[in-house]
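The values are calculated or read from the model by the stated rules, or taken from the named source; none is laboratory data. Computed from a prediction, not measured in an experiment: that's the story for all the values here. A quick note on method: Cβ atoms are made from the backbone with ideal geometry, for glycine too, and the neighbour counts reach across all protein chains shown. Note: accessible area is taken over every heavy atom of the protein model, side chains too, but ligands, DNA and RNA are not part of it. Shrake-Rupley method; radii C 1.70, N 1.55, O 1.52, S 1.80 Å.
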Amino acid sequence: LKTLLWNIEGIKNALDLVPEDLFQPYDAIILTETFLTTDWNTKDFYSIHSHATQGPRGRPKGGISILMTAKLSPFTVLQKSDTVLAVKTKLCTIIATYFQPEYKAETIIDDLTTTLQKIPPNESVILAGDLNCRIDISHNKTNAVIACLEKEGLTLVNTRSTKTYISTSGCSTNDL
């Protein structure tokens, strides 16, 4: 199952900058911080969205999308909230997450364990997204979230040394 995770920070502008066939090699695509307030679709994929929230001014906050090929059908939405979008597919359950930086470990853990309880035992799970817990430095929030997920039988697959956020103001390794 070939999967792409992208913290896109605004899908409509980002897609103007990438090749039109960028998504074609993938079976499942998880997008976070889409800023989508309405549904959006792309060729050859089924799309399920948890919309961003729009305040009285400024850009929307959040937004999670899962794009899937027909290979993964049928689909069942298990959870849809501002922080978690979970979809059971023919092959596995995909959990896409976006937790804003101000979320505390307890809230992240509560939301994730509530979602994980909806999944049958021994089901294959892909949990991906942006939990805003840096893994390249020791932090109580990160340690608590990772310990909970490991207790649930999940394994963090990205490394602590691979930089996943790079900008002019610095770089870090997030738990994407």
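List of remarks:
- When I126, I166 are screened for being assigned to a strand (DSSP E or B), of a type in the set (A, V, I, L, M, F, W, C) and closer than 21 Å to K2 by Cα, only I126 passes.
- Residue list for the range 56-76, filter: out of contact with any Phe, Trp or Tyr (no Cβ under 6 Å at 6 or more places or on another chain) and without any contact (Cβ under 8 Å) to a residue 40 or more places away in the chain: P56, R57, G58, K61, I66, A70, S73, P74, F75, T76
- Only residues that are surrounded by fewer than 16 Cβ atoms within 10 Å (Cβ to Cβ), in a helix (DSSP H, G or I) and of a type in the set (S, T, N, Q) were counted across the range 141-161, and they come to 1.
- Identification of strands (runs of 3 or more DSSP E) wholly contained in the range 8-95 with 1 or more residues that are touching a helix residue (DSSP H, G or I) at 6+ places or on another chain (Cβ under 9 Å) and open to solvent by 30 Å² or more (accessible area, probe 1.4 Å) yields 46-50, 76-80.
- Cβ pairs under 6 Å, 6+ apart, first in the range 29-55 and touching a residue at least 24 places away in the same chain (Cβ under 8 Å) and among the aliphatic types (A, V, I, L, M), second in a strand (DSSP E or B) and open to solvent by 40 Å² or more (accessible area, probe 1.4 Å): I30/L5; L31/W6
- Flag for T114 being within 17 Å of the chain's Cα centre (by Cα), outside any loop (DSSP other than H, G, I, E, B) and without any contact (Cβ under 8 Å) to a residue 60 or more places away in the chain: yes
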